[in-house]
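**Student:** The structure's right below; bear with me while I get my questions together.
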Amino acid sequence: MYPELMVIPMREELVRAGINETRTAEDVDAALAQPGTTLLVVNSICGCAAGKMRPGVRLALANSASQPDNKITVFAGQDREATERARSYFEGNPPTSPAIAILRDGKLVYLMQRYVIEQATAQQIAGELVRAFDEFCAKASA
């Protein structure tokens, strides 16, 4: 684990974007028990992938008409219990960090893993997330 002082800016980058931190397994379960869609971001200290992931998530949230109902984050390597619980919702997918998931009523409907994030720019990540928000988070019109 890294000293908390080192990870504060990485935590705050997502919190400033309107994403709620979940630091315990109970926090994760409570957040994912909420109805509707939930964006779940597995944050990481990794500069190569997470350094593109965080700006990509922020860009997507700022530029998408469709938004998840709830937005949460866990920090891999820091909040281990919360991260393990979050990953338990990823239904047989290997654990990676960073990762970006969308769950509907607690069930995984979308997962972007590290190998995708590593090969993309922040703008490409944002574009893919906007597409995923439109597909999985759009509200049905009356």
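The values are calculated or read from the model by the stated rules, or taken from the named source; none is laboratory data. Just so it is clear, the structure is predicted and the values come from calculations on it, not from any experiment. Please note: Cβ atoms are built from the backbone with ideal geometry, for glycine as well, and neighbour counts cover all protein chains shown.
**Student:** Among the residues of the stretch 18-51, count how many are at pLDDT 95 or above and farther than 18 Å from Tyr110 by Cβ.
**Tutor:** The qualifying residues number 12.
**Student:** Mind listing whichever residues of the stretch 1-41 are over 14 Å from Lys71 (Cβ atoms) and of a type in the set (S, T, N, Q)?
**Tutor:** Correct list: Thr24 only.
**Student:** Which residue, of Gly77, Gly47, Gly56, Gly18, is touching a helix residue (DSSP H, G or I) at 6+ places or on another chain (Cβ under 9 Å), surrounded by fewer than 19 Cβ atoms within 10 Å (Cβ to Cβ), over 17 Å from Cys137 (Cα atoms) and not acidic (Asp, Glu)?
**Tutor:** Details: Gly47 fails: touching a helix residue (DSSP H, G or I) at 6+ places or on another chain (Cβ under 9 Å); Gly56 fails: surrounded by fewer than 19 Cβ atoms within 10 Å (Cβ to Cβ); Gly18 fails: over 17 Å from Cys137 (Cα atoms).
The unique qualifying residue is Gly77.
**Student:** Those residues that are touching a Lys or Arg at 6+ places or on another chain (Cβ under 9 Å) and either within 22 Å of Arg114 (Cα to Cα) or among the aromatic types (Phe, Trp, Tyr) (or both), I need them from the stretch 1-17; list them, please.
**Tutor:** Within the stretch 1-17, Met1, Met10, Glu13, Leu14, Ala17 qualify.
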